[in-house]
Structures are given as C-alpha cells and as structure tokens.
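The values are calculated or read from the model by the stated rules, or taken from the named source; none is laboratory data. Everything numeric in this text was worked out from a predicted model, so none of it was measured. Every residue, glycine among them, receives a Cβ derived from its backbone with ideal geometry; neighbour counts consider all protein chains shown.
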Amino acid sequence: MDDLKKEIKELSKRIEELEKLLSVLLQPYNLTLDAIRNTTELAGNYLTILKLYLQHGKISPEVLVPELKDAIAREMLAVLFEKRQANITEIAEELKRRRGKASRATVRAKLKILIDAGYVSMVEGRGKRYMISQELVNKWLKMLGLVK
C-alpha cells in the first residue's frame, strides 16, 4: 500500500513537471496565434475601409449620416473631421476654398442644424469653436472597425 502511494505521488510529480514543460512549449504557439488574430482583425478593418470606398466612392465620415442631405452641412462635417476644431470664420474660409463661396451666416445656420442633430458640439473657450460630437466620432471608429 505504501508503494502504491509512493508511486502515485511520483506520477503526480511527473504530471506536474509535464504540465510546466507543456506550458513553456506552448508559449510560441500562443504568440503566433495572437499574431494571426491581430492580422485577421487588421485585414477585416482594411476590407471595411475598401467596402466604404466601393459603396460611396470615397472614405469620408459623411457616410455616417446618410439622412443629412444638405451638401453644405455634409461638407462642413468633412471640414470639422479634418480640422478637429474650428470657429465659424475658419469653417467659412475652408468652405469657400472648396466650394467657391460661403458665408458666415450660412455656416452659423448650418451649425445650428448640425448641433441640434447631435453631429457637432460647441467647445467653450477663447471664442466659440466647433467639433464633431464624440458620439459621431465613436460611430466612425466603430464603422472602420477600430473599436468594438
């Protein structure tokens, strides 16, 4: 009976050593598996971007708000995505550069619509500045597959 207990103890010890060895041997495999998962996720994100381009002819955050039909408001969203923050004058100047004409009054009116829709936020500070709302940024990142 003592021999049996001794043999079981010895087998338990050997099994424990094998488990440790197996754990060490599996580390490179697990790292490779993680790299494959990351590569697959990156490829999926890339395909999402390609799909956006194929469907809309461009990769632009405007695709997040298909219900926004106003071309000037859509262009303003693109300007704010690129500039991160801008005041009315900066937006109007950029619109004028892109479209040939723009007025501060038009920009002000369109900003009210965009703020009311939750697409743009006003940043208080030295003068009024505007930026894309965090909700729209999150939606964009999710669409691109960069966040879950």
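What helices (runs of 4 or more DSSP H) lie completely within the stretch 31-148 and have 1 or more residues being in contact (Cβ under 8 Å) with a residue 60 or more places away in the chain and under 14 Å from the mean Cα position of the chain (by Cα)?
Here the list reads 134-143.
Any residue in the stretch 10-29 that is touching a residue at least 12 places away in the same chain (Cβ under 8 Å) and of a type outside the set (Gly, Ala, Ser)?
no
Inspect all residues belonging to the stretch 100-110 and state whether any of them is among the basic types (Lys, Arg), over 20 Å from VAL65 (Cα atoms) and either exposed (fewer than 13 other Cβ atoms within 10 Å of the Cβ) or modelled with pLDDT of 95 or more (or both).
yes
Does SER23 count as polar (S, T, N, Q) and either loosely packed, with under 13 Cβ neighbours inside 10 Å or more than 22 Å from GLU135 (Cα to Cα) (or both)?
In short, yes.
Counting just the residues of the stretch 61-88 that are basic (Lys, Arg) and surrounded by fewer than 18 Cβ atoms within 10 Å (Cβ to Cβ), which one comes out farthest from LEU146 (Cα to Cα)?
Ranking the qualifying residues of the stretch 61-88, first place goes to LYS69.
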